[in-house]
Amino acid sequence: MSLRLPDSGAEVAADGRRMAPSAARNAGPILQVLRRVIRPGAKVLELASGSGQHAAQFAPALQADWQPSDVNAANFASITAWSGDVARAPILLDACAPGWGAGPEWDAVLAVNLLHLIPQAGAEVLLAEAAKALRPQGRLVIYGPFLREGKATSVGDAAFDADIRRQDPLLGYKDLGWVMGQMGKAGLGAELVPMPANNLMLLAFRL
């Protein structure tokens, strides 16, 4: 099923470049936090790179060896148009599929606004595989909206979560307690960083 999300109607330029308004809005606050945990030269795997806007901004700003990825090869043209000069070529990667985390290889794995758009079973796989993919001092960075004790934290979040679930009952916001529990099972702890619009950054590390 194709979800009708706010950025799904973004215009596409002649070179394949898409402009996702939410990626433009949240890039600054996310980058500010990433500067704390990603050192120059770090190998970073970005899951679900989407339009490629974040790769284009984060890779040069952090001086990182940036690997965009996406489950949909149709996004590669936009990713490359945005970040081809500053990041690696995008790779096909299903973060919900077992086995992709064989490593460890990465200093950081980044997932922005992804957990609420995949099933809970897929999120469980993602968190477990990401933990395996990290080098000993690596960080898993998760950004997005979460339920708190099963409830949304704003009227807008409740409405958006309900809209996602109407389109696909397997999707929707994940409860923060559940996510932290899955991280614990994978041997990770996490620092929680409040972000604008009731979002959170989870900065996970090996226990």
Practice task
Please work out which one of (1) modelled with pLDDT of 95 or more; (2) not in a loop (DSSP other than H, G, I, E, B) is the condition Cys96 fails and give its number.
Solution key: (2)
Completion exercise
The lone condition Gln53 fails out of (1) over 25 Å from Phe205 (Cβ atoms); (2) in contact with a Lys or Arg (Cβ under 9 Å, 6 or more places away or on another chain); (3) in contact (Cβ under 8 Å) with a residue 60 or more places away in the chain is (3)
Practice task
Taking the options Ala102, Ala55, Ala61, Ala89, name whichever one is surrounded by fewer than 20 Cβ atoms within 10 Å (Cβ to Cβ) and part of a helix (DSSP H, G or I).
Solution key: Ala61
Fill in the blank from the handout: Checking Val44, Val33 in turn, the sole residue that is closer than 20 Å to Ala190 by Cβ and not in a helix (DSSP H, G or I) turns out to be Val44
Problem - Conditions (1) out of contact with any Leu (no Cβ under 8 Å at 6 or more places or on another chain); (2) at pLDDT 95 or above; (3) surrounded by 15 or more Cβ atoms within 10 Å (Cβ to Cβ); (4) farther than 26 Å from Ile164 by Cβ; number of the one not met by Gln32 - result: (3)
Completion exercise
Filter region 136-153 for residues that are free of Cβ contacts under 8 Å to residues at least 40 places away in the same chain and assigned to a strand (DSSP E or B); the one that is surrounded by the most Cβ atoms within 10 Å (Cβ to Cβ) is Leu147
Problem - Of residues in region 172-196 being touching a Pro at 6+ places or on another chain (Cβ under 8 Å) and surrounded by fewer than 20 Cβ atoms within 10 Å (Cβ to Cβ), the one farthest from Val125 (Cα to Cα) - result: Pro196
Exercise for the section: Quickly run through region 174-189 and pick out the residues that are under 18 Å from the mean Cα position of the chain (by Cα) and free of Cβ contacts under 8 Å to residues at least 24 places away in the same chain. Expected result: Met180, Gly189
Practice task
Evaluate the following for Pro119: is it at pLDDT below 95 and either more than 22 Å from Pro194 (Cα to Cα) or surrounded by 19 or more Cβ atoms within 10 Å (Cβ to Cβ) (or both)?
Solution key: no
Exercise for the section: Within region 154-191, track down each residue that is more than 20 Å from Lys132 (Cβ to Cβ), part of a helix (DSSP H, G or I) and among the aromatic types (Phe, Trp, Tyr). Expected result: Phe160
Problem - Residues located in region 82-105, provided they are free of Cβ contacts under 8 Å to residues at least 40 places away in the same chain, more than 20 Å from Gly138 (Cβ to Cβ) and hydrophobic (A, V, I, L, M, F, W, C) - result: Val86, Ala89, Leu92, Cys96, Ala97
Exercise for the section: Tell me, please, whether a residue that is under 21 Å from His54 (Cα atoms), touching an Asp or Glu at 6+ places or on another chain (Cβ under 7 Å), among the hydrophobic types (A, V, I, L, M, F, W, C) and at pLDDT 95 or above can be found in region 174-196. Expected result: no
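The values are calculated or read from the model by the stated rules, or taken from the named source; none is laboratory data. Keep in mind it's a predicted model, so treat the numbers as computed, not measured. Quick reminder, even Gly has a Cβ in these numbers, built from the backbone with ideal geometry, and neighbours come from all protein chains shown.
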